[in-house]
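Asker: One structure, pasted below without further comment.
The values are calculated or read from the model by the stated rules, or taken from the named source; none is laboratory data. None of the values given here were measured: they were computed from a predicted structure. A quick note on method: Cβ atoms are made from the backbone with ideal geometry, for glycine too, and the neighbour counts reach across all protein chains shown. Keep in mind that these areas ignore ligands, DNA and RNA; they rest on the heavy atoms of the full protein, side chains included. Shrake-Rupley method; radii C 1.70, N 1.55, O 1.52, S 1.80 Å.
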Amino acid sequence: LSRLPEDGAPGSLSLRPVAAEPVALVARRGHFLTGPGPVDLAALMAQDWILPGPGSPLRRAVLDRLATLGLPAPRGQLSTPSFLLTLATLQQTNAVAPLASAVARQFAEGPGAACAVIPAGLDITVAAFGLLTRADAPLSPVAARLAALMVPDPRR
């Protein structure tokens, strides 16, 4: 399961999409932006942000969506590929970070939750992931069976 790489040779890979990945913005529990009601976008954009490194699909999706909405790129940015550093920094600062919504829910629910979701309503989505294969190579029988269970081939 993967996304099409940006540097992949056109036509050499085939992607059978599974799903797009919605994104949630999170902050430490008790952060003023995690309360009920609409989020003040100016206040959101004034926060420091923790973003994945350059070239990350999540980073690209966030920055592209902010630009589409006419919002500036976050002014204070910590770039890290480390999820653990992201969580630790969230818990100890007022920074905000984008996470896949499914991941954000896991870390924001229940007693002792590590963070809280910011109800920003920005509708950020990372491009679809799916079953990525070489277009000119058949799958092995085991890989074909697994692929059929995960992502039915629309040609059948």
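Asker: Set the Förster radius R0 to 22 Å, insert the Cβ-Cβ distance between Leu84 and Phe32 as r into 1/(1 + (r/R0)^6), and round the FRET efficiency to 0.05. Could you put the intermediate results ahead of the total?
Answerer: Working: r = 25 Å, r/R0 = 1.13.
The value I calculate is 0.30.
Asker: I've got another one for you. Could you calculate the FRET efficiency of Gln92 with Arg16 from 1/(1 + (r/R0)^6), where r is the beta carbon distance between them and R0 is 41 Å, rounded to 0.05? Working shown, then result.
Answerer: Details: r = 41 Å, r/R0 = 1.01.
About 0.50, to the nearest 0.05.
Asker: Please report, largest first and rounded to whole Å, the three semi-axes of the ellipsoid equivalent to the chain, where each semi-axis is the square root of five times an eigenvalue of the C-alpha gyration tensor.
Answerer: Numbers: eigenvalues 235, 61, 38 Å².
Calculated on Cα positions only, the semi-axes equal 34, 17, 14 Å.
Asker: How large a share of the accessible area of region 10-49, in percent, is made up of carbon and sulfur atoms when the probe is 1.4 Å and the other protein chains stay in place? Working shown, then result.
Answerer: Working: 1230 of 2080 Å².
On region 10-49, the fraction of accessible area on carbon and sulfur atoms equals 59 percent.
Asker: Turning to a different aspect of this structure: Compute a Gaussian network model of the chain, connecting alpha carbons closer than 10 Å, and tell me which residue from Ala20, Ala46, Ala137 fluctuates the most.
Answerer: Comparing Ala20, Ala46, Ala137 in the GNM, the peak value goes to Ala137.
Asker: Using amide H atoms built in the peptide plane, which far-off residues or other-chain residues are under 5 Å from Leu13 H to H?
Answerer: Here the answer is Ala135, since their amide H atoms fall under 5 Å of that of Leu13.
Asker: Then there is this: Pairs of Cα atoms under 8 Å, at least six residues apart: use those to get the relative contact order of the chain, whole percent. Write out the running numbers ahead of the final one.
Answerer: Values: 258 pairs, mean separation 66.8, N = 156.
The normalised contact order for the chain reaches 43 percent.
Asker: Still on this model: Please calculate how many Å² of accessible area region 1-114 carries per residue, with a 1.4 Å probe and no DNA, RNA or ligand atoms counted. Walk me through the numbers on the way to the answer.
Answerer: On the way: 6280 Å² over 114 residues.
Here the residues of region 1-114 average 55 Å² of exposed surface.
Asker: Relative to the present Cα-Cα distance, how much length would full extension add between Ala144 and Ala100 at 0.36 nm per residue of separation?
Answerer: Values: separation 44, 0.36 × 44 = 15.84 nm, distance 2.81 nm.
Result: 13.0 nm gained on full extension.
Asker: Would you mind calculating the gained length between Leu71 and Ala128 on full extension (0.36 nm times residue separation, minus the Cα-Cα distance), in nm to one decimal? Please list the in-between numbers first.
Answerer: Numbers: separation 57, 0.36 × 57 = 20.52 nm, distance 2.37 nm.
Going from the current span to full extension adds 18.2 nm.
Asker: Specify the residue with the greatest mean-square fluctuation among Leu84, Leu71, Leu63, computed from a Gaussian network of the chain linking alpha-carbon atoms under 10 Å apart.
Answerer: Its mean-square fluctuation being the largest, the pick is Leu84.
Asker: Cut-off 10 angstrom, C-alpha nodes, Gaussian network model of the chain. Which of Leu66, Leu15, Leu146 fluctuates the most?
Answerer: Maximum among the listed residues: Leu146.
Asker: Another question, then. Within 10 Å, count the other beta carbons around each residue, average over each peptide in 85-91, 39-45, and list them highest first. Spell out each step's value before the answer.
Answerer: Numbers: 85-91: 16.7, 39-45: 13.7.
With the highest mean Cβ count within 10 Å placed first, the list reads 85-91, 39-45.
Asker: Could you give each residue of region 106-123 its phi-based ³J(HN,Hα) in whole Hz, using Karplus coefficients 6.51, -1.76, 1.60 with θ = phi - 60°, and x for Gly or Pro?
Answerer: Once θ is set to phi - 60°, the couplings for region 106-123 become 4, 9, 10, 10, x, x, x, 4, 6, 7, 9, 7, 8, x, 7, x, 8, 6 Hz.
Asker: Counting only helical runs of four or more DSSP H residues, what would the 222 nm mean residue ellipticity of the chain come to if each run contributes -39,500 (n - 2.57) and the total is spread over all its residues?
Answerer: On the way: 5 runs with 46 residues, N = 156.
Result for the chain: -8500 deg cm²/dmol, rounded to the nearest 500.
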